[in-house]
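A short write-up of the structure that comes next.
The values are calculated or read from the model by the stated rules, or taken from the named source; none is laboratory data. Quick caveat: nothing in here was measured; it's all calculated off a predicted structure. Using ideal geometry, Cβ is built from the backbone for each residue, glycine included, and neighbour counts are taken over all protein chains shown.
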Amino acid sequence: MATLKLDIVTPDRKVLSEDVEYVGAPGIMGEFGVLPNHVPFLSALGIGNLHYKQNGKAFYVFVSGGFAEVSNNQVTILAEVAEKATEIDVERAMKAKERAEQRNQAAKEKVEAARNQAALKRAISRISCKSNGQNAGTC
């Protein structure tokens, strides 16, 4: 079976470097999927859960911001933040979600509201990523 090389890096570390069968990622205009021999492209990343298949199993990685490049059966993710589902601290994410919800209710300026909405989306996506990883038996 044909595979892709998936590399996920942040400014701090290399999160993942694996041969995979499929990659699905949150683009800023919606989710996109990549199979072997995909046409080259570059996309900005949104906030959400990247998922990939390896040996028929689904694995999840929370990503927030950055870029994805696809070229020559290689997917390179340059993310501002990336965490494998196994690395996510759900308790910490739940507390961040609660703080963001409280700030969101108190926000009066549009800039502050947008910042709080982004914090809320990051927290919810982390929780979802961890849940997806557990349900798939990959954590």
Open item on the list: Which residue is farthest from L45 (Cα to Cα), if the candidates are limited to the range 66-91 and must be among the charged types (D, E, K, R) and at pLDDT below 90?
Closed with: E91
Task: Tally of residues being touching a residue at least 40 places away in the same chain (Cβ under 8 Å) and either outside any loop (DSSP other than H, G, I, E, B) or within 11 Å of V75 (Cβ to Cβ) (or both) across the range 2-16 - done: 9
- [ ] Answer with yes or no whether P36 is in contact with a strand residue (DSSP E or B) (Cβ under 6 Å, 6 or more places away or on another chain) and of a type outside the set (D, E, K, R).
- [x] yes
Task: Candidates A25, A44, A68, A82, filtered to the one that is under 10 Å from the mean Cα position of the chain (by Cα), more than 15 Å from N132 (Cα to Cα) and among the small types (G, A, S) - done: A82
- [ ] All but one of (1) more than 26 Å from A2 (Cβ to Cβ); (2) assigned to a loop (DSSP other than H, G, I, E, B) hold for P36, so report the exception by its number.
- [x] (1)
- [ ] Could you check D19 against (1) part of a strand (DSSP E or B); (2) touching a residue at least 40 places away in the same chain (Cβ under 8 Å) and say which number it fails?
- [x] (2)
